[in-house]
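Please treat every number below as a calculation from the coordinates, not as lab data. Computed from a prediction, not measured in an experiment: that's the story for all the values here.
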Amino acid sequence: MRNLFLLIWKYQFLILFLFFETAAGYLIVKNNGFQNAVVVNSSNAVAGSVMSLVKGVTEYLSLGSVNEQLVSENARLRTFLAESYHRSVSMPAYAPDTSRTRQYFFISAKVINNSTGRRNNYMTLNRGSADGISPEMGVISSRGIVGIVKNVSPHFSAVISLLHKDFHTSARLSGSNYFGNLEWPGGDPSRALVVEMPKHVSLHRGDTLLTSPYSTIFPEGIPVASIEDFTVKAGDNFYTITVKLLNDFSNQDYVYVCGNRLKEEQEKLEASPGND
């Protein structure tokens, strides 16, 4: 306490000066309309700036939950796309949706682990069997296909990335019914190969490749890659096509796991005697 009194006594003139300056400023602002308006407007501007800053920080911190809500909503909306339905009877184009069976459903998930620099790359998702995910379900993003679910636990899934030597899927040339097999040769994570595309097909650099109707894992028509180059080896009847993947595998955040409700039925029929 003694030190406090000594400090006040030491700076008594400065404290008195500040007190009288504050009192004078208050009286001037209170009794003069112009000065009062200036102070009010200035204080409102400062308060507005502070509130905007606080709101911006709050919104930034809540982006994670907002993104999750948007991805979940997108997963729900994807189930209503035409590609997610299977037309069970031959009906006119204007027929109601009762003529179609919803073939694909989508579950949103977040990528919590990912690799791109190996020969065999995997991803881990924060969704598992408790969320309806099972092995051999496809994984896609807003930019293209990602991989195939390999193993699941109640709350997590291990995914074979497209950047894996065992990943193969059918890819169709946009605007035609010609298709080849998409595979990753290793090395560059932004490029892959399409093989077994017939050499009589007219190709152009920049052409888009889509998922084909021959896959039971991915819905038809999802963009996969664009053609960069193509060659035909001497004596071969098929192209070897170098493609640029539309998906950026080094920047994966949220994905959609897609399930095919008719997959088991189709595979059982195709495996029945007489179909080999």
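Quick look at the values:
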{"item": "Amide H contacts under 5 Å for MET197, placed H, 5+ residues apart", "result": "ASN181, TYR239"}
{"item": "Placed amide H near ARG102: partners under 5 Å, 5+ positions off or other chain", "result": "HIS86"}
{"item": "Backbone HN-Hα couplings from phi across segment 257-263 [Karplus 6.51/-1.76/1.60, Hz, Gly and Pro as x]", "result": "8, 10, x, 9, 5, 9, 4"}
{"item": "Enclosed volume per residue, in Å³, of the convex hull spanned by Cα atoms of segment 99-160", "result": "99 Å³"}
{"item": "Which listed pairs, of LYS233/LYS263; LYS199/LYS244; LYS110/LYS244; LYS150/LYS199; LYS165/LYS268; LYS110/LYS263, have C-alpha distances above 30 Å, in listed order", "result": "LYS233/LYS263; LYS150/LYS199"}
{"item": "5 angstrom amide H check on ASN121, placed H, neighbours 5+ away", "result": "SER161, HIS164, LYS165"}
